[in-house]
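Shown next, in C-alpha cells, is the structure this report addresses.
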Amino acid sequence: MKITRSIALLSQRPLIIMLLGFISVLILLPQASYAMPISTEVPDLQVSWNNSLRYNWGMRMQERNPLIANNALYDQGDALVNRYGTITNRLDWLSELDLSFHERYGLRVTAAAWYDAAYDPHSHSNPNALGAGAAPVSYLNGEFTSAVQRYANGPYAELLDAFVFGSFEIGPAVSNVKLGRHALVWGESLFGSAHAVSYSQVPSDGIKAISNPGASAKETALPLNQLSLLSQINPTVSLVAQLGFEWRPNRLPEGGTYFGADGVNEGPNVNRLAALEGGGGDLGLGLNWRPVWLDGMLGIYGRHFDDKGGWLAQVADGGQTRAVYARDIGLLGVTLSKNIGGTSVGAELSHRSNDPLVSDSAASAGAANGYAGARGDTWHGLINSVTSFGSSPVCQSSVLSAEFTWSRLDRVTHNPELYRAQGYLPACDSDPTLRGCADKEFMSLALSFVPTWLQVYPGVDLEMPLFFAKNFKGNAPSNGGGNEGVTTFKIGLTAKVYARHQFDLAYTGYDQKIEPAADSIFGSRILGAPYKDKGWLSFTYQVAF
Amino acid sequence: MKYLSLAILLSLFLTGTIWVNSTQAGISASEARQLGDSLTSFGAEKAGNRAGTIPAYTGGLSVNDLPPDFQKGSGIWTNPFPNEKPLYSISSRNLAEHASKLSEASKALLRLYPSYRMDIYPSHRSVAYPAWVLNNTLKNATSARLTKEGLTLEGAVGGIPFPIPKNGNEVMWNHMLAYNGYPAEYLGRNWYVDKTGRAINTGELKCSLQSDYYTFHWGADELKKKGNSFFKAAYHFTAPPNAAGNAAYSVDTLDPVEQPRRSWSYSAATRRIRIAPDYTYDTPIASQGGITTYDEGYLSLGRLDLFDFKLLGKREMYIPYNNYRLVFQSRAAQILTPNHLSPDFVRWELHRVWVVEATRKPGKKHTISRRIFYFDEDWSGAGMSDAYSRNDQLSKGMFIAQTPLYDAQMPLARCYFAYDLLDNRYTLIQHFGDPGLGYKLKPEGFQPLTFTPDALPNRGR
C-alpha cells in the first residue's frame, strides 16, 4: 500500500530567506493564545489542527579519518562532504489533525513533509579506496537513486498516523481501541529499543533519528496499520493487545549519504535482489498489574512478530545480495516500574526465541531456507532511572536519565554454521570482537543530563542537554544489537522562546573501535557505523503553531 | 520502597524523632461547642468586626442569589455583585494609611509600579457549604489529628479538618483540604507575562478533578483503606501544539510520608504511560515562567516537611475575594497588562485571615527561606502568601482568586496568580475567561476507572 506522495513544497533558492522571514514574523507577532481549535457547528465535535515547522542546518566538524575514507565500504559517504561543509540545510513540517466526538470517538491523521537544500545528487568517492572491487556502490549512473533523493532531498511528504479510536465500556471494563496506522511502544525502555520489550514493535526512521535533530517520536516511530487495545479490567489490572496488519522495515541512512554505509538498503539496488520482507501479522498481548502493595507496575508481555531490521546483505544467487527480514520472532518479557525515593525506575527482562543473530556476511542458508542467517534464543535486560533535581548553585532545575542495557546469548537454534561468533565461524578465531563477531554478552550505558535556567532573558528559558552513550562490553549476539566501543556524545544549548519557539545548537560526536588491517582488502576494520570522523555541529529552529 | 520507608520510619522511631509531636485527637467537646454558636460550623467568627467593615456570616450566597446573566451548566459563574463600585482604592500614595491590612507583597507591588492599584470592594462572606460538609466538619473538630510531625492527617473526612486550628500545620491542612469544586472538569489556560510585558500562553489544559476525601462519603477509615487520597488531577494538554495530546495524572494523599504523591505521564508520540519522577519542593515550574515552584500549587501543595509552620494568629487583611470578573468574565488580553494584572479586574475585600509563618528548617534546602501565608477564615480556598528568598529578601507574592459557586453551595478557588518581585514578571494559572473555557461541576461523578494511570490514553490521543 503506497500512500506516500510527493508534493511540491518550496523552491530551493529562497528557502533561507523565506524561513528567516517566517521566523521573524512569528516572533514579532503579538502573542495571542494558540488558535488551533477549529469551531464546528456540530455540538461535541472537536477538531484541532496543529503544525510544527523545523529548520535544521548541520556542518561537518572533523577531517576524514583515512581508516574510513580509504575503506571502500565507507568511502562514498565519507567523500560526500568536506570538513566545514554543510551536511544538511533542511525544512521539516509536521501537521496533525485531530477530530473527536464526545471525547470518546475520534480520528487522527498526521503527515510529515521535508526538503533539504544541501542535497547533492552527484556521486562522490575516493578513487584510491581499498577494496573498491568488492564493495557495493551507492549510485546508479553516477547519481543517487530516487529512493535516496526522496529521504535526503525531497520535497516529499508522507502520511504518518491515520487511525480511528474509541472508548468503550463492556461490563465493568473500560477499553480504549485504536484502528489504523499508529505507533505503539510497550515496556519501560528510555533510549532505544534494541534490547527492550518493544523491540521491533514499530519500525523506526533511523534517517530522521540521526540526521534531523528535534524530530520527535511522532516522526521517528513509523506507525503501522494495526488494531490495538488497552482494556482496564479494574483499578489494578489492565490488558493490552495488538494485532498488526502491515509490515514496514526500519529506515537506515542510505549508502553514500553522510550517515550511511555504502550501498546498503532501500536506496541503490545496484547488484541487489529485492528484499525478502516481513509480513503483517504481528501479535502482542500484555498484562499491566498495579497492586497497591507494590506502589508500582508489573508488566508481563508476550509478542510474536517479524523483524523490522534485517540482515541487510545476505548472499543470494549469482553473487548478488538481498536484505532478508526474519519472520516469527517470539518474545516474553516482564517489566517493573516504580517511583523509588522520588526517582522513576524502570526495568525489563525479556527472552526472545528465533531471534535473528549476527550472521556470516559471506554465506546464507540459501534459497530453500529463505537466505536466512543464524537464529537463536537470547536474553535482554535493562534498568533505567529518571530523576528531577530542584535548585542548585549551578542551575534552577535539572533532569538526569540513565539506562543500563544488557544482552546474552541463550542458545543458537537455527543455522549455527552461519552464526558469526568464535567457535562457530573460522573467521572469528582471532580478534573476534573487532571483526564484528558476536560475543556471548553485551552491555551498554546511556546517560542524559539536562540542566535548565528559566527566564534568562524575558520569555527565554535555557537548557543544556548533555548526552553520552557507550556500548562498553561485547558485540551483541542479536543482529543489529550493538557493537562494542560504539559511543555517541552530544553537548547542546537550547533556548525556548515564548513557549513556542525553540533554538538548538549542538555538537554531536562519535567514537568507535577502528584499526588498520593489513590482512583485509579494505585496509581497516571498523566496528559499527563509520562515524568516528562524522562529528557535526547542528543548528535547529522549531516552532509550533 | 515499602521496606525502605519502613526502615526509615523504624530508625526515626528508634531515635525518638517521630511521634513526639503527635497531638491529642482534635479539641475538647466543650471547646467544640463554640462551633455553631460564637463560631460558624467551620470555625470562623460569626460576628462582623467592630468597624462594620467585615460583615457577620449569614450563610453565604444562597441558591436564590443567582445573577440574572448566570447560565447554569455554562461553566461560567457571573458576578453576583455587578453594580457594586469600589469603596476606595489603594495606591502607592495612600499605602501607609492601609499598611496594617496589606501583605508585604501587596505593599511591594504598590511601591514598585505606579500603575498598580487595589480596588477595595464591600466585603461579602459569600461562601456557603452543603449541610453534610458542615456535619463532617463538626465531627472532625473532635476526631482529626496530625501525626508524623504534622505531616499526616488522620481521623478527618469530608469537611474542614480543624475548624478551631491550634497550630500552623493544622491551618495548612485546612487550606489544602478546602472544599474546592469537586468533582469537576475544567478547560483553563495558564499564562505568564515577562518583564517586557509580553503575555505568553504556556498551556491549555483539560483537567478532571476529584477529591476522594469529599466525593464518596466514606468514613475516615474507609478512605484510608481506599488510597487516602484528597486530590486527584487527570489532565491533558490541548495546547501548545508541541504538547497537545500528552496527558498526566497525579494523586495526593493525607499521608504523604507513607504514600507520597504519585504521577504518571502519557506520551502522544509513543502511546506510552510512564510513572514520573518526583517534581517537588523548589523545582521551578517552567510553564509558570519559573515564578512558582512545585510545592506552591494553590499556595501550598505537597509534603510539609521542609518548613516549620508557626501560627501567628488572625488579622484583618485585604485579600482577593469574589473575583468572578477576573476568573470568568475577562479575556486574557484585557487583564494581562505589563508588570501586573489589570487593577480594573481584581477585586479586593477586607477579610479575617489566619496567618502562618513557615520557616525553612535548619539543614533543609529550599530556594525560599520563609513564607507568610494568609488564609481566609471561611476556608474558601482564598488566601495569599509572601515568599522570602535565601537572604530573607521578599521575592514573591502569590494570590488566590476565589469565586464561590452560588448555585452549588460550594467554594471554588482554582485560579491563582503570582508575582516575581525581583524579576518583574507574573503568572496567571487556570484562567477560564476566554471563549470556550470554563469550569464544569460533575455532580454525577466520573465514569469508573477515570482516575487511573491506564485511563490516560482515553484523555490523550
When residues of the stretch B:141-158 are limited to those that are of a type in the set (Ser, Thr, Tyr) and surrounded by fewer than 20 Cβ atoms within 10 Å (Cβ to Cβ), the one nearest to B:Phe309 (Cα to Cα) = B:Thr147
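Determine whether A:Tyr301 is among the hydroxyl-bearing types (Ser, Thr, Tyr), under 21 Å from the mean Cα position of the chain (by Cα) and under 23 Å from A:Ala194 (Cβ atoms).
no
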Out of the residues in the stretch A:35-52 that are of a type in the set (Ser, Thr, Tyr) and within 29 Å of the chain's Cα centre (by Cα), state the one that is modelled with the lowest pLDDT.
-> A:Ser48
Unique residue being within 22 Å of the chain's Cα centre (by Cα) and closer than 19 Å to B:Pro443 by Cα when the list is B:Thr215, B:Thr280 = B:Thr215
Could you check A:Arg500 against (1) of a type outside the set (Gly, Ala, Ser); (2) within 30 Å of B:Glu204 (Cβ to Cβ); (3) more than 24 Å from the chain's Cα centre (by Cα); (4) surrounded by fewer than 21 Cβ atoms within 10 Å (Cβ to Cβ) and say which number it fails?
-> (4)
Given A:Ile207, A:Ile233, which one is β-branched (Val, Ile, Thr), touching a Leu at 6+ places or on another chain (Cβ under 8 Å) and away from every other protein chain (no Cβ under 13 Å)?
-> A:Ile207
Top-ranked residue of the stretch A:75-91 - restricted to ones that are part of a strand (DSSP E or B) and buried (at least 18 other Cβ atoms within 10 Å of the Cβ), ranked as nearest to the other protein chains (Cβ to nearest Cβ) = A:Leu91
Have a look at A:Gly436, A:Gly423 and point out the one that is over 30 Å from A:Ala506 (Cα atoms) and buried (at least 16 other Cβ atoms within 10 Å of the Cβ).
-> A:Gly436
Is there any pair with a first residue in the stretch A:33-56 that is facing chain B (nearest Cβ under 7 Å) and at positive phi and a second that is in a strand (DSSP E or B) and modelled with pLDDT of 70 or more whose Cβ atoms are under 8 Å apart and which are 6 or more apart or on different chains, and what are they?
-> none
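Which of the residues spanning the stretch B:366-398 are among the hydrophobic types (A, V, I, L, M, F, W, C) and over 22 Å from B:Pro55 (Cβ atoms)?
Within the stretch B:366-398, B:Ile368, B:Ile372, B:Phe373, B:Ala387, B:Leu394, B:Met398 meet the criteria.
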Give me a count of the residues in the stretch B:81-101 that are without any contact (Cβ under 8 Å) to a residue 40 or more places away in the chain, hydrophobic (A, V, I, L, M, F, W, C) and part of a strand (DSSP E or B).
-> 0
Yes/no for A:Leu227 being among the aliphatic types (A, V, I, L, M), within 30 Å of A:Val334 (Cα to Cα) and in a strand (DSSP E or B) = yes
Can you pull out the residues in the stretch B:360-373 that are of a type outside the set (A, V, I, L, M, F, W, C) and surrounded by fewer than 23 Cβ atoms within 10 Å (Cβ to Cβ)?
-> B:Arg360, B:Lys361, B:Pro362, B:Gly363, B:Lys364, B:Lys365, B:His366, B:Thr367, B:Ser369, B:Arg370
Which of (1) buried (at least 19 other Cβ atoms within 10 Å of the Cβ); (2) at pLDDT below 90; (3) not acidic (Asp, Glu) does A:Leu94 not meet, given it meets every other one?
-> (2)
Scan the strands (runs of 3 or more DSSP E) fully inside the stretch A:252-370 and keep the ones with 2 or more residues being touching a residue at least 40 places away in the same chain (Cβ under 8 Å), surrounded by fewer than 16 Cβ atoms within 10 Å (Cβ to Cβ) and not acidic (Asp, Glu).
-> A:283-289
Inspect the stretch A:71-80 for any residue being modelled with pLDDT of 60 or more, among the aromatic types (Phe, Trp, Tyr) and on the phi < 0 side of the Ramachandran plot and give the result as yes or no.
-> yes
Looking at (1) touching a Leu at 6+ places or on another chain (Cβ under 6 Å); (2) within 14 Å of another protein chain (Cβ to nearest Cβ); (3) crowded, with 23+ Cβ neighbours inside 10 Å, can you tell me which one B:Asn201 breaks?
-> (1)
Regarding A:Ala446, is this residue surrounded by 18 or more Cβ atoms within 10 Å (Cβ to Cβ) and out of contact with any Lys or Arg (no Cβ under 7 Å at 6 or more places or on another chain)?
-> yes
For the stretch A:194-213, which residues satisfy the criterion of being out of contact with any helix residue (DSSP H, G or I) (no Cβ under 7 Å at 6 or more places or on another chain) and more than 25 Å from A:Arg303 (Cβ to Cβ)?
-> A:Ile210, A:Ser211, A:Asn212, A:Pro213
Residue under evaluation A:Thr413, criteria (1) in contact (Cβ under 8 Å) with a residue 60 or more places away in the chain; (2) crowded, with 18+ Cβ neighbours inside 10 Å; (3) β-branched (Val, Ile, Thr), criterion not met = (2)
Apart from one, (1) more than 30 Å from A:Lys178 (Cα to Cα); (2) crowded, with 18+ Cβ neighbours inside 10 Å; (3) at pLDDT 90 or above all hold for B:Arg331; the odd one out is (2)
Those residues of the stretch B:95-139 which are exposed (fewer than 14 other Cβ atoms within 10 Å of the Cβ), of a type in the set (Gly, Ala, Ser) and closer than 23 Å to B:Asn64 by Cα, in sequence order | B:Ala131
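Filter the stretch A:84-103 down to the residues that are β-branched (Val, Ile, Thr) and in contact with a helix residue (DSSP H, G or I) (Cβ under 8 Å, 6 or more places away or on another chain) and list them by number.
Within the stretch A:84-103, A:Ile87, A:Thr88 qualify.
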What are the residues in the stretch B:249-264 that are crowded, with 23+ Cβ neighbours inside 10 Å, farther than 17 Å from B:Val157 by Cβ and away from every other protein chain (no Cβ under 11 Å), if any?
-> B:Tyr249
Looking at (1) facing chain A (nearest Cβ under 9 Å); (2) under 15 Å from the mean Cα position of the chain (by Cα), find the lone condition where B:Ile273 falls short.
-> (2)
Filtering the stretch B:275-286 down to residues that are buried (at least 22 other Cβ atoms within 10 Å of the Cβ) and assigned to a helix (DSSP H, G or I) yields none
Residue list for the stretch B:294-345, filter: under 20 Å from the mean Cα position of the chain (by Cα), within 14 Å of chain A (Cβ to nearest Cβ) and in contact (Cβ under 8 Å) with a residue 40 or more places away in the chain | B:Glu296, B:Gly302, B:Arg303, B:Asp305, B:Leu306
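Every residue, every condition in (1) more than 14 Å from chain B (Cβ to nearest Cβ); (2) surrounded by 20 or more Cβ atoms within 10 Å (Cβ to Cβ); (3) more than 12 Å from the chain's Cα centre (by Cα), yes or no:
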residue	(1), (2), (3)
A:Val137	yes, no, yes
A:Arg150	yes, no, yes
A:Phe165	no, yes, yes
A:Asn176	no, yes, yes
A:Trp186	no, yes, yes
A:Ala221	no, yes, no
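The values are calculated or read from the model by the stated rules, or taken from the named source; none is laboratory data. What you are looking at is a predicted structure, and each value in this text was computed from that prediction instead of being measured. FYI the Cβ positions are ideal-geometry reconstructions off the backbone, even for glycines, and counts take in every protein chain you see.
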